[in-house]
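The values are calculated or read from the model by the stated rules, or taken from the named source; none is laboratory data. Quick caveat, the model's predicted, so the values are computed rather than measured. Quick reminder, even Gly has a Cβ in these numbers, built from the backbone with ideal geometry, and neighbours come from all protein chains shown. Surface accessibility is based on the protein's heavy atoms, side chains included, excluding ligands, DNA and RNA. Shrake-Rupley method; radii C 1.70, N 1.55, O 1.52, S 1.80 Å.
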Amino acid sequence: MTVQWFPDNTVMINFAVVKRLELLEGYLHGEGRVVEAVAREISLSTGHVPQLGTIDLHSWFGSPIRIENENDQVAIENTRVGRFGGTKSRPTQHLGESQTLHVIQHFPEHSGSVWITDDGSAYKLGKGQGVLTRHTVDIFQELVVQGEISSHDAYELCEEMQNEGRSLLDPPASHRDFC
């Protein structure tokens, strides 16, 4: 089975604010996927991160994964509220994270997929439940190893992301963190 990659909106924005979405697209190797809530978040984020509007979501991710089964929807809502602290008054709060986690764990065609997030609680929960979970700095480390980018460029891009107000889960101290 081919590994699929599920980036969330935090990761998409990180690469968009530094205008390097092509690095993320290459990293996904045509195997990126998103759930409906994340596709909606990406589309809504184009209002404050215009670079996201340059993405053809269908070519990057195919059709967003829909969750139509009522039992799945109940389980997702329980995770959204019980594990991520979403509220009933904000029904889309943490919905993307909850849908993604559920799909990777309970849809056999997506088992073994990798979740990419810079949301701290999502990262911790995914790891804790045995989901292969990565974050932006992990992506840069792998891109450096693959020779797609230098360690200096990776460090500078992470610094630029932080200067743009983005929060990284494991910010590098120097370019040596990528060697």
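Hey, among the residues in region 131-156 that are in contact (Cβ under 8 Å) with a residue 12 or more places away in the chain, hydrophobic (A, V, I, L, M, F, W, C) and assigned to a helix (DSSP H, G or I), which one's nearest to Ser113 (Cα to Cα)?
Ile139
Find all pairs meeting these conditions: Cβ atoms under 7 angstrom apart; at least six residues apart or on different chains; first residue within region 157-179 and closer than 17 Å to Ile116 by Cα; second residue acidic (Asp, Glu).
From residues that are closer than 17 Å to Ile116 by Cα, the pairs are Ser167/Asp118; Leu168/Asp118; Leu169/Asp118.
Out of everything in region 47-70 that is closer than 15 Å to Trp5 by Cβ and touching a strand residue (DSSP E or B) at 6+ places or on another chain (Cβ under 9 Å), what residue ends up being most open to solvent (accessible area, probe 1.4 Å)? It would help to see each step written out before you state the result.
Kept after step one, since they are closer than 15 Å to Trp5 by Cβ, are these residues of region 47-70: 55, 57, 59-62, 64-65.
Next, only the ones that are touching a strand residue (DSSP E or B) at 6+ places or on another chain (Cβ under 9 Å) stay: 60-62, 64-65.
Values: Trp60: 24, Phe61: 5, Gly62: 26, Pro64: 56, Ile65: 14 Å².
Checking each candidate, the answer is Pro64.
May I ask you to list pairs of residues, at least six apart or on different chains, whose Cβ atoms are under 6 Å apart, with the first in region 94-111 being modelled with pLDDT under 95 and the second being surrounded by 17 or more Cβ atoms within 10 Å (Cβ to Cβ) and of a type in the set (Gly, Ala, Ser)?
none
Does Glu109 count as of a type in the set (Asp, Glu), under 28 Å from Pro171 (Cβ atoms) and assigned to a helix (DSSP H, G or I)? Step through it out loud before you land on a result.
Numbers: of a type in the set (Asp, Glu): yes; under 28 Å from Pro171 (Cβ atoms): no; assigned to a helix (DSSP H, G or I): yes.
Criteria not met by Glu109.
Going through Ile55, Ile42, Ile13, Ile65 one at a time, which residue ends up being touching a Lys or Arg at 6+ places or on another chain (Cβ under 9 Å), within 22 Å of Ile139 (Cα to Cα) and among the aliphatic types (A, V, I, L, M)? Reasoning before the result, please.
On the way: Ile55 fails: touching a Lys or Arg at 6+ places or on another chain (Cβ under 9 Å); Ile42 fails: touching a Lys or Arg at 6+ places or on another chain (Cβ under 9 Å); Ile65 fails: within 22 Å of Ile139 (Cα to Cα).
Ile13 is the lone residue from the list that is touching a Lys or Arg at 6+ places or on another chain (Cβ under 9 Å), within 22 Å of Ile139 (Cα to Cα) and among the aliphatic types (A, V, I, L, M).
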